[in-house]
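The block underneath contains the structure these notes are about, expressed in structure tokens.
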Amino acid sequence: MHKKDQPLIFELSKKGRTGYSLTELDVPEVDLSTLAPEGFIRSSAPELPEVAELDIMRHYTALSKRNHGVDSGFYPLGSCTMKYNPKVNEAVARYAGFAHIHPLQEASSVQGALELMYDLQEHLVEITGMDEVTLQPAAGAHGEWTGLMMIRAFHEANGDLNRTKVIVPDSAHGTNPASATVAGFETITVKSNEDGLVDLDDLKRVVGDDTAALMLTNPNTLGLFEENILEMAAIIHGAGGKLYYDGANLNAVLSKARPGDMGFDVVHLNLHKTFTGPHGGGGPGSGPVGVKADLIPFLPKPVLVKNGDQFEFEYNRPQSIGRVKPYYGNFGINVRAYTYIRSMGPDGLKAVSENAVINANYMMRRLAPHFDLPFDRHCKHEFVLSGKRQKKLGVRTLDIAKRLLDFGYHPPTIYFPLNVEECMMIEPTETESKETLDSFIEAMIQIAKEVEETPEVVQEAPHTTIIGRLDETKAARQPILRYQKKEAVEV
Ligand SMILES: *Cc1c(COP(=O)(O)O)cnc(C)c1O
């Protein structure tokens, strides 16, 4: 069979085949239908695939080989921090005392787990320069929404019902305006100047007594440090607004600079980015939120507190925005982040940002002669190139991204941020070796050459993957998300 034709597990099914063998029953058999109330028992068994253990192993191993992951190759997806996830994190997360506990257990029986959560909060307080942290939010966007709901509750508690607007730079991550909208705010865009930084005059123009907050990431999504941050903080605070820090990618400032010291009032972190939680496939993630003292009363409840030498959840928080997640956050991912922070230590975390920044600058400088560099200045953990020059030759950034697959690389983020034409956003991360950076650079240079000499090779890429160029519009508009018998599917 051709490797393209990996059948679905349902198509491999043969009646009566099983993937397990059990010893003979040595207790009386129970009729299951007598155990459940009427109406809770299906009249027929679900049509599950019947396959042998070996078939199942081969099936999923074959599928997994079709995928690209950070354990199989370089993954320079800007703004996503696809760094290596150390395996010691997995070992610790699997300790029975962490993996086999239940969120409804008595606090007294899970003191170790609570202590880990409390300690993680304290570490994140230190790293961000905030006064208190909640671990409840399950993702970056969820953290943004949680933070904005706290800002909203803060203004409402002050009788400031007029503050309905959240200012977001045009280079911002798409989740920022989306979270602001879901939290009930109106989004106002502030422009970037030609240096790729927030235009202060435009900021002064849009700020006012209706400003609830400015959402900002620093370094921004172009990988540039907003050097006027203290002045921006003064402008926003002067107008009575709050500063929200999108800390999804902290790789450039970890142990170097703290959002709290830059004037930010609220920050979320993506533990599944900077702090080596695995991500992709939709999670689970963790997006803790830190706040300055005046926002503490609004933190989601329950709040984990230390009472003497006991850790417990406090529910009596009348001004809290309430619970934002069942139980107390994605505990397993928090264990991984805690393991990472403890195994790196403060000096290790500092080395992370230094290496992330030097890797990005090295790559940017070596690629700059071959592509357009819209902002020619030192970058932080990531940088953007523009494929404008290649577009004039009929090759688009999308084609370049597809061609990279033939070299075994995951493409960078493309067409984002929106304010750069034919944008490619590259984030090498600190975990890659110089050899890996060099091979990727060589691949990019070769593609740039191909654009000039044999553009069709790039335009028709990828050539070596199991599936060639996809119809992306159709994939988005007509997704087939569950099994349908082959003959029923019209492709
Ligand atoms: C990834 C990212 C987010 C969103 O995080 P999710 O966990 O995917 O919700 C927000 N802002 C920035 C800058 C990001 O890179």
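Can you give the % of DSSP beta bridges in the range 169-302 that are antiparallel, to the nearest 5?
On the way: 4 of 13 bridges.
The antiparallel proportion sits near 30 percent.
For the ranges 345-355, 5-15, what's the packing order if you count other beta-carbon atoms within 10 Å of each residue, average per peptide, and put the highest first?
My ranking of the peptides, most packed first, is 345-355, 5-15.
Could you state the accessible area per residue of the chain in Å², with a 1.4 Å probe and every protein chain left in place?
Roughly 50 Å² per residue, with all protein chains present.
Can you send over the carbon and sulfur percentage of the accessible area for the chain, probe radius 1.4 Å, protein chains only?
So the carbon and sulfur contribution to the accessible surface is 53 percent.
Going by amide H atoms built from the backbone, whose H comes under 5 Å of the H on S192, apart from near neighbours?
D170, D199
Of all trypsin sites (Lys or Arg not before Pro) in the range 131-207, which ones are in loop regions per DSSP and have a Cβ with at most 15 other Cβ atoms within 10 Å? The partial results should precede the final answer.
Details: sites: R152, R163, K165, K191, K204, R205; in loops: R163, K191.
In loop regions of the range 131-207 (DSSP not H, G, I, E or B), the sparsely surrounded trypsin sites (Lys or Arg not before Pro) are K191.
What is the ratio of the Cα radius of gyration of the range 206-309 to 2.2 N^0.38 Å, with N the residue count, to two decimals?
Taking N as the residue count of the range 206-309, the ratio is 1.20.
Leaving ligands, DNA and RNA out of it, rank C80, C423 by accessible area with a 1.4 Å probe, largest first.
The ordering from most to least exposed comes out as C80, C423.
At a Cα cut-off below 20 Å, give the aspartates and glutamates reachable from K204, other chains included and same-chain residues fewer than 8 away excluded.
D170, E186, E194, D195, E226, E227, E231, D265
I need to check one value: relative contact order of the range 255-373, counting alpha carbon pairs closer than 8 Å and at least 6 residues apart, in percent.
Contact order relative to length: 25 percent.
Report the rotationally averaged projected area of the range 224-284 based on its alpha-carbon convex hull, in square nanometres. Numbers along the way, then the final one.
Values: hull surface 20.0 nm².
Its Cα hull, projected and averaged over all orientations, spans 5.0 nm².
Using a 1.4 angstrom probe with every protein chain in place, what is the largest-first accessible-area order of D26, D471, D294, D246? The partial results should precede the final answer.
On the way: D26 140, D471 95, D294 65, D246 10 Å².
Ranked list, largest accessible area first: D26, D471, D294, D246.
Can you run phi through the Karplus equation (6.51, -1.76, 1.60; θ = phi - 60°) for the range 345-358 and list ³J(HN,Hα) in whole Hz, with x for Gly and Pro?
x, x, 5, x, 5, 5, 4, 4, 5, 4, 6, 4, 6, 5
Counting alpha carbon pairs within less than 8 Å and at least 6 residues apart, what relative contact order, in whole percent, applies to the chain?
On the way: 848 pairs, mean separation 87.1, N = 491.
Value for the chain: 18 percent.
Report the relative contact order of the range 357-476, percent, no decimals, based on alpha-carbon pairs under 8 angstrom and at least 6 residues apart.
29
Provide the packing ranking of 168-177, 401-410, i.e. peptides ordered by the mean count of other C-beta atoms within 10 Å per residue, highest first.
On the way: 168-177: 21.6, 401-410: 19.7.
Result, highest mean first: 168-177, 401-410.
Which one of T436, L393, C379 is farthest out on the positive end of the charge dipole of the chain, using unit charges on Cβ (Lys, Arg +1; Asp, Glu -1) and the Cα centre as origin?
Farthest along the dipole direction, towards plus: L393.
Are there GluC sites (Glu not before Pro) in the range 166-267 that DSSP marks as loop and that have at most 12 other Cβ atoms within 10 Å, and which are they?
Answer in residue order: E194, E227.
Which lysines have a Cα less than 26 Å from the Cα of K306, not counting those fewer than 8 places away in the same chain?
K292, K325
Using amide H atoms built in the peptide plane, which far-off residues or other-chain residues are under 5 Å from L304 H to H?
E314
Just from the alpha-carbon atoms, what are the Rg and Dmax of the chain in angstroms?
Reported Rg and Dmax, both Å: 25.5, 80.
Using amide H atoms built 1.01 Å from N in the peptide plane, name the residues 5+ places from K242, or on other chains, whose amide H lies under 5 Å from its own.
Excluding prolines and chain starts, which carry no amide H, the hits are A213, L214.
Mind ordering 390-398, 117-125 by average Cβ neighbours within 10 Å, highest first?
So the peptides 390-398, 117-125, ranked by packing, come out 117-125, 390-398.
Per residue of the range 363-374, what does 6.51 cos²θ - 1.76 cosθ + 1.60 with θ = phi - 60° give for ³J(HN,Hα)? Whole Hz please, x for Gly and Pro, Karplus curve as stated.
Karplus-based 3J(HN,Hα) across the range 363-374 equals 5, 4, 5, 6, 8, 4, x, 9, 9, 7, 10, x Hz.
Work out the count of Lys pairs in the range 357-476 where the Cα-Cα distance is under 20 Å, with the pair 8 or more places apart or on different chains.
Eligible lysine pairs with Cα atoms under 20 Å apart amount to 9.
Summing -39500 (n - 2.57) over the DSSP H runs of n ≥ 4 in the chain and dividing by its residue number, what mean residue ellipticity at 222 nm do you reach, to the nearest 500 deg cm²/dmol? All intermediate terms of the calculation are to be shown ahead of the outcome.
On the way: 16 runs with 176 residues, N = 491.
Roughly -11000 deg cm²/dmol at 222 nm, from the helical runs in the chain.
Calculate the dipole size of the range 57-169 relative to its Cα centre from +1 charges on Lys and Arg beta carbons and -1 charges on Asp and Glu beta carbons; express the result in debye to the nearest 20.
Details: 9 positive and 12 negative charges, 187 e Å.
For this selection, approximately 900 debye.
Count the lysine pairs in the range 1-135 that are 8 or more places apart or on different chains: how many have C-alpha atoms under 29 angstrom apart?
Step by step, the pairs that qualify in the range 1-135 add up to 10.
With the Cα gyration tensor of the range 134-212 in hand, convert its eigenvalues to equivalent ellipsoid semi-axes via √(5λ) and list them largest first in whole Å.
22, 18, 9
Would you please classify the overall shape of the range 377-426 from the alpha carbon gyration tensor, given that a ≥ b ≥ c denote the square roots of the eigenvalues, rounded means a/c under 1.5, and beyond that prolate means a/b larger than b/c while oblate covers the rest?
In terms of gyration-tensor shape, oblate.
Given a Förster distance of 25 Å, report the FRET efficiency between K388 and E227 from their Cβ-Cβ distance, rounded to the nearest 0.05. Write down the numbers at each step before the final one.
Numbers: r = 26 Å, r/R0 = 1.05.
Efficiency computed from Cβ-Cβ geometry: 0.45.
Work out from phi, with θ = phi - 60° and the Karplus expression 6.51 cos²θ - 1.76 cosθ + 1.60, the ³J(HN,Hα) of each residue of the range 41-52, listed in order in whole Hz, and give x for Gly and Pro.
3J(HN,Hα) across the range 41-52, in whole Hz: 9, 5, 7, 9, 5, x, 7, 8, x, 10, 9, 7.
So how strong a dipole does the chain carry about its Cα centre when Lys and Arg Cβ are +1 and Asp and Glu Cβ are -1, to the nearest 20 debye?
In total the dipole reaches around 780 debye.
Quick check for me: using +1 on Lys/Arg Cβ and -1 on Asp/Glu Cβ, what's the dipole size of the range 357-476 about its Cα centre, in debye to the nearest 20?
300
The values are calculated or read from the model by the stated rules, or taken from the named source; none is laboratory data. Since the model is a prediction, treat every value here as computed from it, not as a measurement. Virtual Cβ from ideal backbone geometry, glycine too; neighbours counted across all protein chains shown. Quick note on the areas: whole protein, heavy atoms, side chains included, nothing else; ligands and nucleic acids left out. Shrake-Rupley method; radii C 1.70, N 1.55, O 1.52, S 1.80 Å.
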